[in-house]
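Let me begin by presenting the structure, written as structure tokens, before commenting on it.
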Amino acid sequence: MKTIIIGLGNPILCDDSVGPKAARLIRERLDSDRWAHVSVLEVYAGGIRLLDEISGYDRAIIIDSIVTGEAPGTVYKLTPESLSQTRNCGSSHDMTFPMALNMGQMLGMALPSQIHIWAIEAKNVNSFGEELSTEVEGALPGVVNDVLTSLKELSA
Amino acid sequence: MKRISIDPITRLEGHGKIEIFLNDDGDVVNTYFQVPELRGFEQFCVGRLAEEMPVITNRICGVCPEAHHIASVKALDKLFGVTPPDAAKKIRELLYMAFFVTDHTTHFYALGGPDFIVGPDAPPSERNILGVINKVGLDAAKKVINCRARNHHVLEMVGGRGIHLPAGVPGGWSKSINEKERAEIAAIARENIDFALFSLKAFDDIVLKNPAYLDIITSDIYVHNTYYMGLVDDKNRVNFYDGMVRVVDPEGKEFVKYHPSDYVSHIAERVEEWSYLKYPYLKAVGWKGFVDGIDSGIYAASPLSRLNVSDSMPTAKAQEHFERMYETLGSKKVNGRYQPIHHRLVTHWARLIELLYASERMLELATDPEITSPNVRVIPERIVGKGIGCVEAPRGTLTHHYESDDRGVLTMVNMIVGTTNNYAPMTLSIKRAAEKLITKGKIIEQGLLNKIEMAFRLYDPCLSCATHSLPGQMPLIVNIRNADGEVIRTFSR
């Protein structure tokens, strides 16, 4: 199953960089021979740009920060169906991710049949910086392990 | 005093908030347009090597990384005292045209489209890209997606990566274009021209031929007699990549034309305590508050502004549509150039004319024999210590200003981004819309939120970056508060 793992976020906006950081760690731990069908990418925008990246794959795994008001470092596992409520992955410049998916389906684009989303509650996404807050830093290894475990289970 | 709060703004880059204050008679006193603060970019860059800036600044924003990248490499050319070979300048401009095509297309169809194509009074559930697709048809929607995809391919091919391109370097570009790539880009540029003409035709059929939409465009709801700013070439024609900054007054007379490196002498920034934003204005005219007219230093920098400051378009088809737009709006020629159009919603039309210009210019560059020259880089050998780079971003004039020590380590970074130029005009537009729709305590509810939103959406504002972690499209909430600040009514959708 052709799979893409996307770390979503801005690498210079503190906790927002958790997605790209997770993607880098996952890439290091994937054996290139066994996981040739898996691509790992760092992406900074939702909406149509995200749609462009996942089209052509059978499965997409997206890792992103989220701001809901819960304790920083809390990890959520979401599906596109739950996105319309959480409003994550929205690029307000064009459209939300669920709407982009909807559009892609309308236009008959080749979209993944499975989309899994890991979201990590962020503490600070309003300052420029490359470091994560302690809480989000603490959650990162667990997310990386979970994604890899899930990838193995899904591919078994 | 009553307070109406609209929060958050949908379909905008970043998260903003509008506050409308009414007096005891129920009339609008003030409108405040607030955006969240993203702290510390300048401090974050000081102490870094100047040459890192093109790949750092293109991460400021998820929407226009290409604009920051190009402004940044132009600033570095100056900071390192090096002139790129002609082929490198042309490659940069070629890439930039592909970016403009993508960005203007996305704005027109995904952001502005719901306002015009679906209509300002359509139910909110249809006022989105899906509603646009229903109206223009699946084939047209596929054209939009294909347009984005093929230009994304050009950005990847020329820029070295589709996202956060790394190819720009001080003194030029890090890779040349071969003949096979050139031919492919030329074919894509031709498709872009067809697509731009198709979009102008759609605008004509759906918007201009619809009296109700035409009324909104030409009504006095969104008219401000401000100054305008944009880059022009040596014949006073639109240029996105390079040129002099030209400012015209509300009557269309050239007020000043200056080199981008002199921006500090011409532009000052007003700070208001209620906002994180700084409001740029023309120093020589002065700040007179949020009012328009020849005595107020407020200027706009947008697609319409760029056409307003130009005597003509540099390409043939764009020139035809340029003339048609000014003639349609009843603009007269004075001293050989059209008087400015002050109707802000015409910005959407101007954006499509720019889409056509960018496509035509892309083809010119892709068929220029020099574009495949392998000579694309001059290696910098000295450090001047100061560099200012300027381009037209889709949202307005973008300036990067860096200073460094003699090792090339940054000591100062200042940027005026495209949207910043338009903060004051946006505030004017929001206030005007609110005044027209709220009088003596009577609120015209039908389309109120849409019309206020339309007032600033036309500027295509880009208020922050990394928006995917912030809420995207959300329901609108409007609170109406009585004179004691209590919420007496809530609208939401």
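What the table shows:
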| read-out | value |
| --- | --- |
| Karplus (6.51, -1.76, 1.60) ³J(HN,Hα), θ = phi - 60°, over region B:41-56, in Hz, Gly and Pro reported as x | 5, 4, 4, 4, 8, 4, x, 8, 6, 4, 5, 6, 4, x, 8, 7 |
| Long-range amide H partners of A:ILE62 with built H, under 5 Å | A:ILE6, A:HIS116, A:ILE117, A:TRP118 |
| Spatial separation of Cα centroids for region B:356-422 and region B:165-233, in angstrom | 19 Å |
| B:ASP25, B:ASP233, ranked by accessible area, largest first (probe 1.4 Å) | B:ASP25, B:ASP233 |
| Convex hull of chain B built on C-alpha atoms - directionally averaged projected area, nm² | 21.9 nm² |
| Sulfur and carbon atoms: percent of accessible area, the protein assembly as shown [1.4 Å] | 49 percent |
| FRET efficiency for B:VAL29 and B:THR411, using Cβ-Cβ distance with R0 set to 60 Å, rounded to 0.05 | 0.85 |
| Residue-averaged [θ]222 nm for chain B, counting only DSSP H segments that reach four residues, each worth -39500 (n - 2.57) | -11500 deg cm²/dmol |
| Simple label model, 7 Å out from Cα along Cβ direction - B:LYS288 to A:SER32, nm | 6.6 nm |
| Summed buried accessible area for B+A [probe radius 1.4 Å, Å², rounded to 100] | 3900 Å² |
| Chain B, relative contact order in percent, only Cα pairs under 8 angstrom and at least six apart counted | 28 percent |
| Integer Hz, Karplus 6.51/-1.76/1.60 couplings in order for region B:351-367, x for Gly and Pro | 4, 6, 5, 5, 4, 5, 4, 4, 5, 5, 5, 4, 5, 3, 5, 6, 10 |
| Distance violations [Cα-Cα > 30 Å] among B:LYS201/B:LYS431; B:LYS89/B:LYS317; B:LYS135/B:LYS333 | B:LYS201/B:LYS431; B:LYS135/B:LYS333 |
| For B:GLY230, residues with placed amide H under 5 Å, excluding near neighbours | B:ARG246 |
| Dipole of region B:173-234 [Lys/Arg +1, Asp/Glu -1 at C-beta], most positive-end residue of B:TYR222, B:ILE193, B:ALA183 | B:ALA183 |
| Gain in span if fully extended, A:SER55 to A:SER150, counting 0.36 nm per residue against the direct Cα distance | 32.1 nm |
| Pair B:GLU52, B:LYS201: separation of 7 Å Cα→Cβ label points (nm) | 5.1 nm |
| Computed over region A:34-77, Cα set: Rg, Dmax in Å | 13.3, 39 |
| Spatial separation of Cα centroids for region A:108-128 and region A:1-64, in angstrom | 9 Å |
| Rounded to whole Hz, the Karplus (6.51, -1.76, 1.60) HN-Hα couplings of region B:423-431, x for glycine and proline | 4, 5, x, 5, 4, 4, 5, 5, 5 |
| Dimensions (Å) - region B:194-236, Cα atoms, principal axes, largest first | 37, 33, 11 |
| Sites B:GLU179 and B:THR83 - FRET efficiency at Förster radius 35 Å, r taken between beta-carbons, to 0.05 | 0.85 |
| Amide hydrogen neighbours beyond the local backbone of B:LEU277, cut-off 5 Å, H modeled | B:VAL35 |
| Antiparallel DSSP beta bridges within the protein assembly as shown, as percent of all bridges there, nearest 5 | 70 percent |
| Accessible solvent surface per residue of the protein assembly as shown, calculated while the other protein chains remain in place, 1.4 angstrom probe, Å² | 36 Å² |
| Rg/Rh for the protein assembly as shown, where both radii come from Cα atoms and Rh is the Kirkwood radius | 0.95 |
| Point-to-point label distance, B:PHE44-B:THR439, nm (Cα→Cβ direction, 7 Å offset) | 4.6 nm |
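The values are calculated or read from the model by the stated rules, or taken from the named source; none is laboratory data. This one's a predicted model, so the numbers in the text were calculated from it and none came from an experiment. Heads up, the Cβs are rebuilt from the backbone with ideal geometry, glycines too, and the neighbour counts pull from every protein chain shown. Ligands, DNA and RNA are stripped out before the accessible areas are found, and what is left, the full protein with its side chains, is counted by its heavy atoms. Shrake-Rupley method; radii C 1.70, N 1.55, O 1.52, S 1.80 Å.
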